[in-house]
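*Asks:* Pasting a structure below so you can have a look.
The values are calculated or read from the model by the stated rules, or taken from the named source; none is laboratory data. No experiment lies behind these values; they were computed from the predicted model shown. Backbone-built Cβ (ideal geometry, glycine too); neighbour counts: all protein chains shown. Each accessible area value is taken on the protein alone, full model and side chains, heavy atoms only, with ligands, DNA and RNA left out. Shrake-Rupley method; radii C 1.70, N 1.55, O 1.52, S 1.80 Å.
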Protein chains: 2
Amino acid sequence: MDATEFRKRGKEMVDYVADYLEKIEKRQVFPDVEPGYLRSLIPDCAPQDPESFEDVFKDIEKIIMPGVTHWHSPYFFAYFPSASSFPALLADMLCGGIGCVGFSWAASPACTELETVMLDWLGKMLNLPEEFLAGKDGQGGGVIQGSASEATLVALLAARTKTIRRVQSENPELTEADIMGRLVAYASDQAHSSVERAALISGVKMKSIPADDTFTVCGSALKKVLDEDKAAGLIPLFFCATLGTTPCCSFDKLLELGPICNKENIWMHIDAAYAGSAFICPEFRHFLNGVEFADSFNFNPHKWLLVNFDCSAMWVKKRSDLICAFKLEPLYLQHDHQESGLITDYRHWQIPLGRRFRSLKLWFVLRMYGVKGLQEHIRKHVRLSHQFEHLVLQDERFEICAEVVLGLVCFRLKGSNELNKALLKSINEAKKIHLVPCHLREKFVLRFAICSRTVESTHVKFAWQHISQLATELLKTWEQNHHQQ
Amino acid sequence: MDATEFRKRGKEMVDYVADYLEKIEKRQVFPDVEPGYLRSLIPDCAPQDPESFEDVFKDIEKIIMPGVTHWHSPYFFAYFPSASSFPALLADMLCGGIGCVGFSWAASPACTELETVMLDWLGKMLNLPEEFLAGKDGQGGGVIQGSASEATLVALLAARTKTIRRVQSENPELTEADIMGRLVAYASDQAHSSVERAALISGVKMKSIPADDTFTVCGSALKKVLDEDKAAGLIPLFFCATLGTTPCCSFDKLLELGPICNKENIWMHIDAAYAGSAFICPEFRHFLNGVEFADSFNFNPHKWLLVNFDCSAMWVKKRSDLICAFKLEPLYLQHDHQESGLITDYRHWQIPLGRRFRSLKLWFVLRMYGVKGLQEHIRKHVRLSHQFEHLVLQDERFEICAEVVLGLVCFRLKGSNELNKALLKSINEAKKIHLVPCHLREKFVLRFAICSRTVESTHVKFAWQHISQLATELLKTWEQNHHQQ
């Protein structure tokens, strides 16, 4: 395929994508396929000779689409949103066309510099403390990671190196292995599984801090565990605070936790993967109060800020902390400007070496929506979740299981976990909408997350009527079965 | 921006990308900008109100392009190639449009299943042993990682968990910390820095195995270090063999190393990031002989197989080894089909949780080039590197520093490192072509890598004439200065 054919096919693909997104509502949100469906539809091995674009193109509807879960359908209420917008898609096309690999400043200066400046823009939108911004010669700054998992891991690795060095300088008799064996990291028992995973990867012990009845970790809960662990000879090094937990969107109390971490030399990382986008609205910014105590902060514009996956924004107060955790410099990666102080080589900030020109997506989205357009998007989603909450509250068979603050509603039938599992099963088997569950303590709970960019009040109403009707049917047979037993 | 405007703007972007790639030769391969150039060109913060697409679009040439290193220019001979092709760009547009996040089978069955089958296609193209393929019910299989760095890290983590369990079952008195402190991983002293980094991240000690005069690690070199380390009470767990080292594209001797690793319970991972693509040509497949002894194998189609970044292909013989290193299962990530045995949940195979629908790029590229088209691409690059090699050999001022096997030529002026540094400086300051250096033992060496999809014999000839002329000018002043001193 040459450039001439690409012009033609590229435009056909633009239309296909536009059609797909315009009419996505008409597709069944969750596919009918069974595991292994695809293998039987395609050849056993790659063709020896080239096939035409037409051949490949017609297989999209035949082979791919029947197995797609449509994340951007307005009937998709599962997990958390995965962002998508037209400006981001345009930027991604440009990113692919340029196709640079921006691991160092020299490998493509624009790729590195736009990222630094875009993270400053975004940091200012969140009103992050000045220390987190790169500015012209700041000690901090932002970076785009692939996912919140990587951000947490990178923060933990930086904390590990920093703590080992500090403890060794205070106790020269201790070996690195001695110290490693005594390190301990913490997060809420409501934190995302990626935090435990980061600990697993880095070989650091991890402990859960019990959240309170509102699924929030407060200062005293952390303090209690810290005191016990220090008395037992452990070395606390890292606390991951969560703003907007995955099960129910609860918020740890930064203003209590931050000062404790600072006093105890514990790296405080904030994981606001989903909720962070909301902090661009002044009315939600208060959840971030206390970020001034943190060492690093992360949220995912690819969740709720209309920037397509992947774009996970991370800031640190001291970039040197990240760099020291990683820096290795073979000659083929060195370049002339390296020691000028103005230069950022992002490969020292992340797990992979290579990186795409992802900041283009931020640049397009922030400019073409403007701060006000993005605030509107957030507010619409919050409004819709409250609409759903009100519908649930009007039906006394149901209960709301956690305070509804942003775009997530946790709800269930008043009744057993088995009953609620049966309800979820009937919802997901009907495939008119798609939800996933969570556990809140001993309770099996249904999560209703406002996800799609194009979801409107009518979709939410439809979803509720559908759930309510399935509940009626379920309760009828459930009571009969119960009665018979 | 709505779908109607996206249709218009998307087509303009297709034309922009086509123009960019068609005329890339006319752009200076390496930019003129100085560090910090971009900040002064754009506002301090994001706009409150939306800007138009036109406003953003015109800034691409004004702000971005002046700072781009043009990786797809036929005058780009630095690092290793970063793949780009029109079919891959089309697939990436589709990937963005679908915008699913395929962390589990249920999150988008097509995303998971196409990946499994494409990795089988690719594995068959390389003639990988059957054990590495997923097939209908295999124990092994492939996964797309973001980068070779992540593949190495994931392999090392799997080895770590497996070894700790084995050693603990044999020596119940040892704690995990005891074992961790004694683990040791190995790679060639020519291996990529990402291997050392993987060890750093996972907290495992790393040792270099000295390569021989041809920059190759042979069995006896590994054996010697292993014997010493075992005698000192260490526990060897991992060896990363490199096929196609970054400095000079040398190949470790798998057929000698593999049996040693198998006998010693050492996980052998093969990093063929660059060279792996060449193994689809029968004449280069012999470098992979011995892969049957490996536990995991990785190469980057995003380097040399015309699939745009990111697409790093990794295979394991036992998928359970990866999964055991990672598996954590919160309720919101569970789904009905989970335990059916047919299901792959790729989040257990990788560091991040989220993942794009990257296998679409493989599907488009493998079908629209066909195996033969891809073989042609590899063979053209190898031909061009030999052309450059011959040009160098005809000039007795120069020497070739390592055997030219694939698309990389390591060369230098016969003379001091300072002389060669001066030559590289004059080449990169002229900005007609772009190269990066390496060290081979004590020698500072220039690397000439055939990179662009569109590079032809004329570009290689031009590059050589240019280098040769700069060398003539340099040697003149160099000798004068030398004479004066």
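*Asks:* Do the conditions hold for A:Arg7, that is, is it within 7 Å of chain B (Cβ to nearest Cβ) and of a type in the set (Lys, Arg)?
*Replies:* On the way: within 7 Å of chain B (Cβ to nearest Cβ): yes; of a type in the set (Lys, Arg): yes.
Taking the combined requirement at face value, the residue satisfies it.
*Asks:* Please verify whether A:Lys414 is open to solvent by 10 Å² or more (accessible area, probe 1.4 Å) and in contact with a strand residue (DSSP E or B) (Cβ under 6 Å, 6 or more places away or on another chain), treating the condition exactly as stated.
*Replies:* Numbers: open to solvent by 10 Å² or more (accessible area, probe 1.4 Å): yes; in contact with a strand residue (DSSP E or B) (Cβ under 6 Å, 6 or more places away or on another chain): yes.
In short, yes.
*Asks:* Determine which single condition A:Ala185 fails, assuming it passes every other condition in (1) closer than 26 Å to A:Phe448 by Cβ; (2) at pLDDT 95 or above.
*Replies:* For A:Ala185, the failing item is (1).
*Asks:* Which one of these is in contact with a His (Cβ under 9 Å, 6 or more places away or on another chain) and among the hydrophobic types (A, V, I, L, M, F, W, C): A:Ala199, A:Ala294, A:Ala211? Outline the logic, then answer.
*Replies:* Values: A:Ala199 fails: in contact with a His (Cβ under 9 Å, 6 or more places away or on another chain); A:Ala211 fails: in contact with a His (Cβ under 9 Å, 6 or more places away or on another chain).
Exactly one residue qualifies, and that residue is A:Ala294.
*Asks:* Restricting to region B:211-247, name every residue that is hydrophobic (A, V, I, L, M, F, W, C), open to solvent by 10 Å² or more (accessible area, probe 1.4 Å) and touching a Pro at 6+ places or on another chain (Cβ under 8 Å). Before the answer, list the steps.
*Replies:* Taking region B:211-247 and keeping what is hydrophobic (A, V, I, L, M, F, W, C), we get B:211, B:215, B:217-218, B:221-222, B:225-226, B:231-232, B:234-235, B:237-241, B:243.
Right, trim to open to solvent by 10 Å² or more (accessible area, probe 1.4 Å) and you get B:211, B:215, B:218, B:221, B:225, B:231-232, B:234-235.
Residues satisfying the conditions are B:Phe215, B:Ala221.
*Asks:* With buried (at least 24 other Cβ atoms within 10 Å of the Cβ) and more than 7 Å from every other protein chain (Cβ to nearest Cβ) as the only criterion, which of A:Ala88, A:Ala110 stands out? Let's see the steps before the verdict.
*Replies:* Values: A:Ala110 fails: more than 7 Å from every other protein chain (Cβ to nearest Cβ).
Residue meeting the stated conditions: A:Ala88.
*Asks:* Now, a different point. For residues that are outside any loop (DSSP other than H, G, I, E, B) and open to solvent by 10 Å² or more (accessible area, probe 1.4 Å), scanning just region B:126-137, find the one that is farthest from the other protein chains (Cβ to nearest Cβ). Give the steps one after another, and end with the answer.
*Replies:* Step one: of region B:126-137, the residues outside any loop (DSSP other than H, G, I, E, B) are B:130-132.
Going one step further and asking which of them are open to solvent by 10 Å² or more (accessible area, probe 1.4 Å), we end up with B:130-131.
Details: B:Glu130: 13, B:Glu131: 17 Å.
Step by step, filter region B:126-137, then rank; the result is B:Glu131.
*Asks:* Only one residue in B:Val409, B:Val404 is under 23 Å from B:Ala191 (Cα atoms), more than 13 Å from chain A (Cβ to nearest Cβ), under 24 Å from the mean Cα position of the chain (by Cα) and in a loop (DSSP other than H, G, I, E, B). Which one?
*Replies:* On the way: B:Val409 fails: in a loop (DSSP other than H, G, I, E, B).
Checking each option against the conditions leaves just B:Val404.
*Asks:* Within region B:352-360, is there a residue that is under 24 Å from the mean Cα position of the chain (by Cα), modelled with pLDDT of 95 or more and among the hydrophobic types (A, V, I, L, M, F, W, C)?
*Replies:* Checking region B:352-360: at least one residue is under 24 Å from the mean Cα position of the chain (by Cα), modelled with pLDDT of 95 or more and among the hydrophobic types (A, V, I, L, M, F, W, C).
*Asks:* Look at A:Asp59 and say whether it is more than 7 Å from chain B (Cβ to nearest Cβ) and out of contact with any Leu (no Cβ under 9 Å at 6 or more places or on another chain).
*Replies:* Working: more than 7 Å from chain B (Cβ to nearest Cβ): yes; out of contact with any Leu (no Cβ under 9 Å at 6 or more places or on another chain): no.
Judged against the criteria, A:Asp59 is not a match.
*Asks:* Across region A:372-385, what is the total count of residues that are at the interface with chain B (Cβ under 9 Å from one of its Cβ atoms) and open to solvent by less than 10 Å² (accessible area, probe 1.4 Å)?
*Replies:* Kept after step one, since they are at the interface with chain B (Cβ under 9 Å from one of its Cβ atoms), are these residues of region A:372-385: A:372-374.
So of that shortlist, the ones also open to solvent by less than 10 Å² (accessible area, probe 1.4 Å) come out as A:374.
The number of residues fulfilling the criteria is 1.
*Asks:* Select from region B:37-46 the residues that are farther than 15 Å from B:Met65 by Cα and within 7 Å of another protein chain (Cβ to nearest Cβ) and list them in ascending order.
*Replies:* B:Cys45, B:Ala46
*Asks:* Among B:Ser220, B:Ser296, B:Ser202, B:Ser208, which is over 26 Å from B:His386 (Cβ atoms) and at pLDDT below 95?
*Replies:* Going through B:Ser220, B:Ser296, B:Ser202, B:Ser208 in turn, just one is over 26 Å from B:His386 (Cβ atoms) and at pLDDT below 95: B:Ser202.
So that you can scan it fast, the table gives a plain yes or no per residue for (1) touching a helix residue (DSSP H, G or I) at 6+ places or on another chain (Cβ under 9 Å); (2) under 21 Å from A:Arg356 (Cα atoms); (3) at the interface with chain A (Cβ under 7 Å from one of its Cβ atoms):
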| residue | (1), (2), (3) |
| --- | --- |
| B:Ala18 | yes, yes, yes |
| B:Phe30 | yes, yes, no |
| B:Gln48 | yes, no, yes |
| B:Ile64 | yes, yes, yes |
| B:His70 | yes, yes, no |
| B:Ser73 | yes, yes, no |
| B:Ala83 | yes, yes, no |
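*Asks:* Of the numbered conditions (1) open to solvent by 10 Å² or more (accessible area, probe 1.4 Å); (2) in contact with a Phe, Trp or Tyr (Cβ under 8 Å, 6 or more places away or on another chain); (3) in a helix (DSSP H, G or I), A:Phe279 fails exactly one; give the number of that condition.
*Replies:* With respect to (1) open to solvent by 10 Å² or more (accessible area, probe 1.4 Å); (2) in contact with a Phe, Trp or Tyr (Cβ under 8 Å, 6 or more places away or on another chain); (3) in a helix (DSSP H, G or I), A:Phe279 is out only on (1).
*Asks:* Right, next: Filter region A:1-32 for residues that are open to solvent by 20 Å² or more (accessible area, probe 1.4 Å), modelled with pLDDT of 95 or more and hydrophobic (A, V, I, L, M, F, W, C) and give the result.
*Replies:* If the condition is that a residue be open to solvent by 20 Å² or more (accessible area, probe 1.4 Å), modelled with pLDDT of 95 or more and hydrophobic (A, V, I, L, M, F, W, C), then A:Leu21, A:Phe30 are the ones that fit.
*Asks:* Being of a type in the set (Val, Ile, Thr) and in contact (Cβ under 8 Å) with a residue 24 or more places away in the chain is the filter here, so list the residues in region B:32-61 that pass it.
*Replies:* Here is the first cut: in region B:32-61, the residues of a type in the set (Val, Ile, Thr) are B:33, B:42, B:56, B:60.
If the condition is that a residue be of a type in the set (Val, Ile, Thr) and in contact (Cβ under 8 Å) with a residue 24 or more places away in the chain, then B:Val33, B:Ile60 are the ones that fit.
*Asks:* More than 23 Å from B:Val436 (Cβ to Cβ) and in a helix (DSSP H, G or I), is that true of B:Leu226?
*Replies:* For B:Leu226, the condition - more than 23 Å from B:Val436 (Cβ to Cβ) and in a helix (DSSP H, G or I) - is met.
*Asks:* If B:Val217 satisfies every condition in (1) under 23 Å from the mean Cα position of the chain (by Cα); (2) under 26 Å from A:Thr175 (Cβ atoms) but one, which is the exception?
*Replies:* (2)
*Asks:* So which of B:Gly97, B:Gly123, B:Gly140 ends up being without any contact (Cβ under 8 Å) to a residue 60 or more places away in the chain, under 26 Å from B:Leu374 (Cβ atoms) and either in contact with a Leu (Cβ under 9 Å, 6 or more places away or on another chain) or more than 10 Å from every other protein chain (Cβ to nearest Cβ) (or both)? Even if it seems obvious, please write down each step before you answer.
*Replies:* Numbers: B:Gly123 fails: without any contact (Cβ under 8 Å) to a residue 60 or more places away in the chain; B:Gly140 fails: without any contact (Cβ under 8 Å) to a residue 60 or more places away in the chain.
Exactly one of B:Gly97, B:Gly123, B:Gly140 is without any contact (Cβ under 8 Å) to a residue 60 or more places away in the chain, under 26 Å from B:Leu374 (Cβ atoms) and either in contact with a Leu (Cβ under 9 Å, 6 or more places away or on another chain) or more than 10 Å from every other protein chain (Cβ to nearest Cβ) (or both), namely B:Gly97.
*Asks:* Can you say whether B:Pro81 is under 21 Å from B:Ile343 (Cα atoms), crowded, with 24+ Cβ neighbours inside 10 Å and not small (Gly, Ala, Ser), as far as the supplied structure shows? Explain how you work it out, then say what you get.
*Replies:* Numbers: under 21 Å from B:Ile343 (Cα atoms): no; crowded, with 24+ Cβ neighbours inside 10 Å: yes; not small (Gly, Ala, Ser): yes.
Spelling it out, it is not the case that B:Pro81 is under 21 Å from B:Ile343 (Cα atoms), crowded, with 24+ Cβ neighbours inside 10 Å and not small (Gly, Ala, Ser).
*Asks:* Only one residue in A:Val409, A:Val371 is under 27 Å from A:Ser277 (Cα atoms) and in contact (Cβ under 8 Å) with a residue 60 or more places away in the chain. Which one? Write out each step before concluding.
*Replies:* Values: A:Val409 fails: in contact (Cβ under 8 Å) with a residue 60 or more places away in the chain.
From the options A:Val409, A:Val371, the qualifying one is A:Val371.
*Asks:* What are the residues in region B:248-260 that are open to solvent by less than 10 Å² (accessible area, probe 1.4 Å) and either β-branched (Val, Ile, Thr) or touching a Leu at 6+ places or on another chain (Cβ under 8 Å) (or both), if any?
*Replies:* Matches in region B:248-260: B:Cys248, B:Cys249, B:Asp252, B:Leu254, B:Leu257.
*Asks:* Same structure again: Return only the number of the condition from (1) within 12 Å of chain B (Cβ to nearest Cβ); (2) among the polar types (S, T, N, Q); (3) over 18 Å from A:Thr161 (Cβ atoms) that A:Ser202 does not satisfy.
*Replies:* (3)
*Asks:* Any residue that is over 30 Å from A:Leu406 (Cβ atoms), within 14 Å of another protein chain (Cβ to nearest Cβ) and in contact with a Lys or Arg (Cβ under 8 Å, 6 or more places away or on another chain) - is there at least one of those in region A:214-233? Please lay out each step first, then the result.
*Replies:* First, pick out the residues of region A:214-233 that are over 30 Å from A:Leu406 (Cβ atoms): A:227-233.
Subsequent filtering for residues that are within 14 Å of another protein chain (Cβ to nearest Cβ) retains A:233.
With the extra rule that they be in contact with a Lys or Arg (Cβ under 8 Å, 6 or more places away or on another chain), the set shrinks to A:233.
Yes, region A:214-233 has at least one match.
*Asks:* Scan region B:143-189 for residues that are touching a residue at least 12 places away in the same chain (Cβ under 8 Å), among the hydroxyl-bearing types (Ser, Thr, Tyr) and in a helix (DSSP H, G or I) and jot them down.
*Replies:* Residues satisfying the conditions are B:Ser149, B:Thr152, B:Thr161, B:Thr163.
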